[in-house]
Amino acid sequence: MVKNQTNLTERSGFPPYPWLWLAVTALVILFDWHTKALASEALELYRPVEVFSWLNMTLAHNYGAAFSFLSDAGGWQRWFFIVLSSGVSLVLLVWLLRLPRQEWVTGLGLALILGGAIGNLVDRVQLGYVVDFIDVYYRSWHYPAFNVADSAITCGVVLLLIDMLLLSRRKVEQS
């Protein structure tokens, strides 16, 4: 019976190997790196350039974590976030490599999160801060500046939540 399930999985169009998820991760890292390099070359630090009435490109250096958490902690936070994101990235990589082939939504979510985590980790190691440049706002309210890595992490988390809350219910109902 297990043999039939394996053959069914192989023929059902699921992504064939973990390398597909690693390719997605690599694309996120490369796209993040490229857009950060473009922003760093084209923009002046903290000088907004309006793109739309709700979107600026504003180069910012984030020494903290999400929403600039611990950004003024005196420098120790750099090493804390390097160790933390390295550990999380390692856990995500192992999870991704062990993931059953049919769980493609989880795989895509993990690949996006891993790519974003590594993208921001590279900044922290090389620069001591994360390069942010996307500034979404409404009137005088500005969402904290972010980057492609942050967007990939957010999309990955949304996919994991969809898989956990919606798709896993269907899996249970079908079995």
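A short reminder: the numbers here are calculations on the coordinates, not readings from a lab. Being a predicted model, the structure only gives us computed values, none of them experimental. Every residue, glycine among them, receives a Cβ derived from its backbone with ideal geometry; neighbour counts consider all protein chains shown.
Applying 1/(1 + (r/R0)^6) with R0 = 35 Å to the Cβ-Cβ distance of ARG47 and CYS155, what FRET efficiency is obtained, to the nearest 0.05? Kindly include the intermediate steps, with their values, before the conclusion.
On the way: r = 28 Å, r/R0 = 0.81.
Working from the Cβ atoms, E equals 0.80.
What is the calculated FRET efficiency for ALA23 to LEU165, with r their C-beta to C-beta distance and R₀ = 30 Å, to the nearest 0.05?
Working: r = 27 Å, r/R0 = 0.90.
Once rounded, the FRET efficiency stands at 0.65.
Extension gain VAL91-LEU55, at 0.36 nm per residue separation less the Cα-Cα distance, in nm?
On the way: separation 36, 0.36 × 36 = 12.96 nm, distance 3.47 nm.
9.5 nm is the gain from fully extending VAL91 to LEU55.
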